[in-house]
Amino acid sequence: MINDFIDVYKNRHDYAKDWKKKNPDSKVVGYMCSYFPEELFYAAGMLPVRILGSHEPQNVTEPYIFGMYCPFSRDVLAQGLQGHYDYLDAVSTAYPCMHLGQAFDSWTLHVTQKKFYVDMPNRVQTPYAVPFLTGRLEETKQEIEEWIGREITDSDLKEAINVYNENRALLREIYEMRKADDVPLTGTECMYITTASLFMDKKDANKLLKETIENELKGRKAKTADDTRLMVLGSENDDIKFLNMVEEFSAVIVTDDHCTGSRYFWNPVEEQDDPIQAIAQRYIDRPLCPQRDYPERKRLPYLLDMARDWNVAGIIALQQKFCDPHELDKVALLDWFKENDIPTIYLELDVTVPIGQFKIRVEALLERLREDELW
Amino acid sequence: MVEKKYKTAPLKSWDKAKEIRLNIYKEIAEAKSKGKVLLGGGAESLIALPTGFDYAMLVGEPYGAAISYLAKSDPDEYMKYVEASEHAGYPRDLCAYMRNYIGSILRDKYVFGGPFPKIDFYLQAGFCDTHSKWYQAVSDITGRPYFSLDLVPFDWEIEGESEKTKDLKRKYIVDQIHEAIAWMEKQTGREFNDETFIQGVLNECESTSLWAKVCIANRAIPAPLDEKTMLSLYVLAVIGRPRNDVVEFYRELLDEVEDRVANQIAANPYETARIITDSQPPWFALDLFRLLETYGVVSVGAHYTFGLSGGWEYDEENKTWEAGKTPQEKGVEVKTRDEAANVLADWWLRTGTVCRGVRHSGAGKIQRIMDMVDRWKVDGAIVHLNRGCEGTSLGQMDIVSSLLERGLPTMTYEGNHADPREYDENRTFARIESFMETMGLKQLYEFKKGE
Ligand code: SF4
Ligand code: SF4
């Protein structure tokens, strides 16, 4: 079961191609940012799949994207240029950040022409963000309808919302299980599960999640109370090698704040008469990416609550090199956890992780945490 | 000595531009003692917003650039600014304007003399990711309140955005303008004056439209202005476009530039080739334009130089951009705050080209660059791969490929608009010199540094 997720994670393209074979009249739409309102596309019978990088060195993006853009955005574009996503019928995004926006623009010029673009507001704290996004989603819905040649009804939308909400509830259940002293799954395993869900038909994912919870996770002890509890947070992260390395040191990652992790699924769509508005509200209310956390800093207290609820001893903040949204919060974030006495280290990710260097930093953090425990 | 092809003459408006710029910075320094509201914020959009108060505004981007000028005259002093922000933990690859600005606050040093001004509040209208967060960081440091409007630009016209989307974007901004006004009234305890706001909005439209007309005059051969001069002239619109004296200045400048066109008065008396550049220049190293001059090359502008202070309206029929028609030119009467808010939002969304280029690169931005190549009769392009600004460097590599595909000689150099540590003058000059050779150009006279 966890292995099934690992299999999808590793063979994500085969999964999508198989899905297409099984659903020959349906379309697959790739998306680049977790603010993308997948429910609309799922309601139209499509499979939305997140486009992620491969963590392999590449030399194909240089003519298309300037080297100061974050390695993740370059890795994402590389996937398109290398033809790994050649089964996509459309590429799409909600406004992510300038870096991923650059990857999207280049992708639409050189890889997939059919595109959907949602102007996701940045200032989600204004009361005008919901009506604006609702309006934009109504238009996106119309664009999809024109493309597929049929109407998306309210009941299609409600059905999609239910499937997505169930997925969110199941993933959340797994995160809740990680509050236990003896954690039933490692952070690495959990990352496989959440990240694989980004590529899956949510009905398939839900079935597999239920089986995994019932038949594999209940009563399982992957780590014990002796392992040091950590939280990881930051920009996109599905760096399995890194997580593995951390957990080899008698440590366990018990929660995260990444857009490929908890930020993706944390809050459900709350029911409202107008399903489009309900979807808009959900994306406005979701856990914040730093890029959208202003003028008030709401993200920091949210992260602190999470760290306390999951009883973490220390934090590893991970940021893709050159990632402005996260760098813009770096000072505030480090000050915040210092003030709140949670030891935190801050590391910069590249396409490939310098495991040796990071090992030293992680070891130092863990030593410090264990010394703290002694006192 | 090579014979001059065209006559040249100093620009009469030059001294006036300098005087207004100095006045603006002086007004900032004196604002508090004169009982004015003093605010800080971004330069790139909606700066008419606080004109409902008796106010002065320190706009961040040109201020960050002004700090970088020090790198030329006093490099050690410059380093103290960047080091202050780096020691405080702000990463070195963030927007260089922002880092310089933060360094200035942390050192409590106003680059024009004295301590950093005591700002009442920060107001930002943001379309670049840094815009949204810059003054939040500043607010963390200073404890001063901060408001940021979210500006979602129109897409490029080529993308065929629907009228409904445009209406939504307009409304989103208008709603936030009202929200911002109420917020500012609360912060200052002062009443917002609708009459001065309406005038500020009309001025913002007129200044930017006039600047676009000045840029259009530069289509002439010989070009009446070179980009280095334009960069000194456009800055008034960047820092003071809602002001009466700035509008007046641009009216006079346009007359003068049109007169230069009529009389074939050139920026470069040898004009043999015309180029465009891309992104902000390295502000502390504008000598590179003088090196180009020695080859008879005139840079006639840039998407950035034209667009940051310019209001450009798309001409659907001819697939090109012309100076935006102001509400005054269209006979639109603006009588209320809400009407002014609508005019401001509409103007900014319809005629702002830099903002849409920061959000959307792709085919639209390429079309805009190609339009400049055609209409400004350009022979080559120099693209500054600007490590200090993700906003204006968006789409640059695709622009370079498109220019090359079109057969236009194009060179790139890496640098940073406001952090000299990322700019290598010797290497850049060597690249320019070999680029000149590939364009078949000979140096007409010797380049002497610092003259
Ligand atoms: S890692 Fe940062 S810069 Fe890169 S795409 Fe994500 S948020 Fe944007
Ligand atoms: S557009 Fe560039 S220079 Fe302006 S704030 Fe954004 S990153 Fe800085």
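Evaluate the Debye formula for chain A with equal point scatterers sitting on the alpha carbons, no solvent, and hand back log10 of I(q)/I(0) at q = 0.10, 0.12, 0.15 Å⁻¹, in q order, two decimals.
So the normalised log intensities are -0.62, -0.91, -1.47.
With every protein chain in place, what's the accessible area of B:Asp315 (1.4 Å probe, Å², nearest 10)?
40 Å²
Which value, in square angstrom to the nearest 100, describes the accessible area buried between chains A and B on both sides, using a 1.4 angstrom probe?
The buried area between A and B, both sides summed, comes to about 4300 Å².
Per residue of A:132-142, how many C-beta atoms from partner chains lie within 10 Å of its own C-beta, taken as a mean?
Averaged over the peptide's residues, the number is 3.
How far apart, in nm, are the 7 Å Cα→Cβ label points at A:Gln142 and B:Lys4?
So the label points at A:Gln142 and B:Lys4 sit 6.0 nm apart.
Over the range B:125-232, what is the mean sequence separation of C-alpha contacts under 8 Å (at least six apart), divided by residue count, expressed as relative contact order in percent?
With pairs under 8 Å counted, the relative contact order is 16 percent.
In the range B:198-227, which residues have a backbone nitrogen under 19 Å from the label point lying 7 Å from B:Gln264's Cα in the Cα-to-Cβ direction?
Correct set: B:217-226.
When the Kirkwood radius is taken over all Cα pairs of the range B:7-438, what Stokes-Einstein diffusion coefficient follows at 10 °C and 1.306 mPa s, in µm²/s?
My calculation gives 72 µm²/s for D.
How far is helix B:75-87 tilted off the main Cα axis of chain B, in degrees rounded to 10, range 0 to 90?
Once rounded, one gets 50 degrees.
Roughly what % antiparallel, to the nearest 5, for the DSSP beta bridges in the range B:7-438?
Just about 10 percent of them are antiparallel.
Residues of the range A:84-107 losing 40 Å² or more of accessible area relative to the isolated chain, 1.4 Å probe, heavy atoms only?
A:Tyr95, A:Met98, A:Gln102, A:Asp105
What percentage of all Cα-Cα pairs in the range B:1-58 are separated by more than 19 Å?
Taking all Cα-Cα pairs of the range B:1-58, the fraction more than 19 Å apart is 50 percent.
Convex hull over the alpha-carbon atoms of the range B:394-451: what's its volume per residue in Å³?
So the per-residue hull volume is 108 Å³.
So how exposed is B:Trp347, as accessible area in Å² (1.4 Å probe, rounded to 10)?
B:Trp347 has an accessible surface of roughly 10 Å² with all protein chains in place.
Calculate what fraction, in whole %, of the accessible area of the range B:7-438 sits on carbon and sulfur atoms when a 1.4 Å probe is rolled over the protein chains.
Heavy-atom surface of the range B:7-438 belonging to carbon and sulfur, 1.4 Å probe: 49 percent.
D for the protein assembly as shown, whole µm²/s, Stokes-Einstein with Kirkwood Rh over alpha-carbon pairs at 4 °C and 1.567 mPa s: what number?
46 µm²/s
Loop only by DSSP, 10 or fewer other Cβ within 10 Å of the Cβ. Give me the GluC sites (Glu not before Pro) in the range B:185-260 that pass, ordered by residue number.
Qualifying residues, ordered by number: B:Glu191.
Please give the charge dipole size of the protein assembly as shown, origin at the Cα centre, charges +1 on K and R Cβ atoms and -1 on D and E Cβ atoms. Round to the nearest 20 debye.
So the magnitude is around 1240 debye.
For A:Gln58, what charge total do you get from the other residues with a beta carbon under 14 Å from its beta carbon, if Lys and Arg give +1 and Asp and Glu give -1?
In short, -3.
Go through A:Lys330/B:Lys365; A:Lys17/A:Lys207; A:Lys218/A:Lys359; A:Lys298/A:Lys338 and tell me which ones have a Cα-Cα distance over 23 Å in this structure.
Going by Cα-Cα distance, A:Lys330/B:Lys365; A:Lys218/A:Lys359 fall outside the 23 Å limit.
Do any of B:Lys36/B:Lys330; B:Lys34/B:Lys118; B:Lys80/B:Lys228; A:Lys114/B:Lys319 go past 25 Å between their Cα atoms, and which?
The answer is B:Lys36/B:Lys330; B:Lys80/B:Lys228.
Please express the shape of the range B:80-189 as an equivalent ellipsoid: the semi-axes are the square roots of 5 times the eigenvalues of the C-alpha gyration tensor, given largest first in whole angstrom.
32, 19, 10
Out of all DSSP beta bridges in the protein assembly as shown, what portion is antiparallel? Express it as a percent rounded to 5.
Rounded to the nearest five, the antiparallel share is 5 percent.
Amide H neighbours of A:Val49 under 5 Å, counting only residues 5+ apart in sequence or on other chains, H built in-plane at 1.01 Å?
A:Val29, A:Gly30, A:Tyr31
Which whole-number percent is the relative contact order of the range B:7-438 (Cα, under 8 Å, 6+ apart)?
19 percent.
Quick one: pull the percent of accessible area on chain A belonging to carbon and sulfur, 1.4 Å probe, ligands and nucleic acids left out.
Carbon and sulfur together cover 45 percent of it.
The values are calculated or read from the model by the stated rules, or taken from the named source; none is laboratory data. Because the structure is predicted, anything quoted here is derived from the model rather than measured. Cβ atoms come from the backbone with ideal geometry, glycine included; neighbour counts cover every protein chain shown. The accessibility values were calculated without ligands, DNA or RNA, using every heavy atom of the protein model including side chains. Shrake-Rupley method; radii C 1.70, N 1.55, O 1.52, S 1.80 Å.
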